[in-house]
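The structure appears below as structure tokens.
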């Protein structure tokens, strides 16, 4: 049995003993592999949460951005040399018309994108993380932060083979006053979210985030893929002691 920890909350009763991406809280188009540690995108932006979340405390997780997958495209192999001209006719692939070209895989990789961060279960999983008040994200293409669909300049881009670290700090939630109706989200004063790219600390991206139970979350565009790290397999475990943080799960 998983040890109970203050502030911890599983995403669903059936997944409370598991660490990985959630089968319950994922857009149905996304596919999970490798015991739910790898998630594969499909066409437009869609999102998935991890199985364990927190309401207070400081917690950290990592994931690795993998090369995009072309498994769903069912494309023929192409032995054409690199200097060959583009060929016709068009090859239909999943509602998209692509030229069969020696450079097709690089085109697919450039079309795949991710947004990585944290979200509550109230977010719309058919949208990218950071689109609403319930989620916060760091975007690969330009290093921007996103919350409520508002872009903010943050840091540098990331891509395939990069390890992205994500840290959230939440203070204990304010006591609810009996009989008083809360109007709108409540700010967790002193809370923050910061990100890391490989060995580099990128600094704080969001401060005074809203109270809630937050889960590691990722949004994938086209055939992007990411792999979640097991708590005992973190690439940069020293961050736990450096920030007085705990691993998820």
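The values are calculated or read from the model by the stated rules, or taken from the named source; none is laboratory data. What you see is a predicted model; the values in this text were computed from it and never measured. Note: ideal-geometry Cβ built from the backbone for every residue, glycine included; neighbour counts use all protein chains shown.
Against the test of being under 27 Å from residue 153 (Cβ atoms) and more than 16 Å from the chain's Cα centre (by Cα), the options 220, 202 yield a single qualifying residue, 202. Restricting attention to segment 191-212 and to residues that are out of contact with any strand residue (DSSP E or B) (no Cβ under 8 Å at 6 or more places or on another chain) and free of Cβ contacts under 8 Å to residues at least 40 places away in the same chain, the residue that is surrounded by the most Cβ atoms within 10 Å (Cβ to Cβ) turns out to be 200.
Close contacts from segment 43-70, counting a first residue that is on the phi > 0 side of the Ramachandran plot and in a loop (DSSP other than H, G, I, E, B) and a second that is modelled with pLDDT under 95 and surrounded by 17 or more Cβ atoms within 10 Å (Cβ to Cβ), with Cβ to Cβ under 8 Å and a gap of 6+ residues or different chains, come to 43/222. Only one entry of 216, 185 meets the criterion of being in a loop (DSSP other than H, G, I, E, B), surrounded by 12 or more Cβ atoms within 10 Å (Cβ to Cβ) and touching a strand residue (DSSP E or B) at 6+ places or on another chain (Cβ under 9 Å), and that entry is 185. Quick one: is residue 174 modelled with pLDDT of 95 or more and either crowded, with 19+ Cβ neighbours inside 10 Å or farther than 18 Å from residue 64 by Cα (or both)? Taking the combined requirement at face value, the residue does not satisfy it.
One residue alone among 223, 146 is under 26 Å from residue 38 (Cβ atoms), in a strand (DSSP E or B) and in contact (Cβ under 8 Å) with a residue 24 or more places away in the chain, and that residue is 146.
Within segment 219-238, being modelled with pLDDT under 95, closer than 15 Å to residue 19 by Cβ and touching a strand residue (DSSP E or B) at 6+ places or on another chain (Cβ under 7 Å) holds for one residue alone: 231.
Restricting segment 160-182 to residues that are in a loop (DSSP other than H, G, I, E, B) and touching a strand residue (DSSP E or B) at 6+ places or on another chain (Cβ under 6 Å), the residue that is farthest from residue 113 (Cα to Cα) is 162. Checked against (1) without any contact (Cβ under 8 Å) to a residue 12 or more places away in the chain; (2) farther than 19 Å from residue 122 by Cα, residue 155 meets all criteria but (1).
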